[in-house]
Amino acid sequence: MQKTWRILTDGDKETEPLTADQIAERLWAAEPSLWAIPPDGGAGAFPENVEDVRESLLADPVRVADAFLRQNPDWVFLWVMEMAEHHAHRLFPVVRQLVQRARDDKDLAFVAAGPLEDLLRLNGPAVISLVEDAASNDARFRRALSGVWRSEIADDVWGRIQAARRGEPGLDD
């Protein structure tokens, strides 16, 4: 039997029990979904942060990337940035799609200064090998790295980022 949650919506109304996939579709449709209430009466959460819902959302990195770049629905931006901090490895396929689906240098800079930079700032040692691998055969990914600012990125990680760029012209150049 699939787990279900009730969703608290505007006006303190609760939905019927919904599966993770149903909740994900509500989120994509931008239907009001304020709080997920578990069936066992345990602690609730924002719907996009329920583990099974998160996995359903991440199953389609292209959809997440497109929504992030369009900034619609509006919950996606903050969710992706939270994922960069708390679920870096799970977010990396989305970051790859963000780089690929960026329409122009403005979009690419938005990705570089946002989720890519946060991944490297908050989880650099854990994700740097993924970043190096992506940059090794993807000029667009190397270009995105050129838009990452050093900020609080660890020295050894920053050195590896610079090496992975391989002299790619910077987005700010």
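Please treat every number below as a calculation from the coordinates, not as lab data. Please read these numbers as outputs of a predicted model, since none were measured by experiment. Every residue, glycine as well, gets a Cβ built from its backbone with ideal geometry; the counts of neighbours run over all protein chains shown.
Table for the structure above
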| read-out | value |
| --- | --- |
| Segment 1-47 - Rg and Dmax from Cα coordinates, angstrom | 9.8, 30 |
| Positive-end residue of Ala112, Pro32, Ala20, charge dipole of segment 18-128 with Cβ unit charges | Ala112 |
| Cα gyration tensor category, rounded, prolate or oblate, for segment 1-97 with a/c compared to 1.5 | prolate |
| 5 angstrom amide H check on Ala45, placed H, neighbours 5+ away | Ala36 |
| Residues Ile23, Ile153, sorted so that the one with the fewest Cβ neighbours within 10 Å comes first | Ile153, Ile23 |
| Spatial separation of Cα centroids for segment 116-156 and segment 74-94, in angstrom | 15 Å |
| Computed over the chain: relative contact order in percent, which uses C-alpha pairs under 8 Å that are six or more apart | 14 percent |
| Per principal axis, descending, Cα span of the chain in whole Å | 55, 29, 27 |
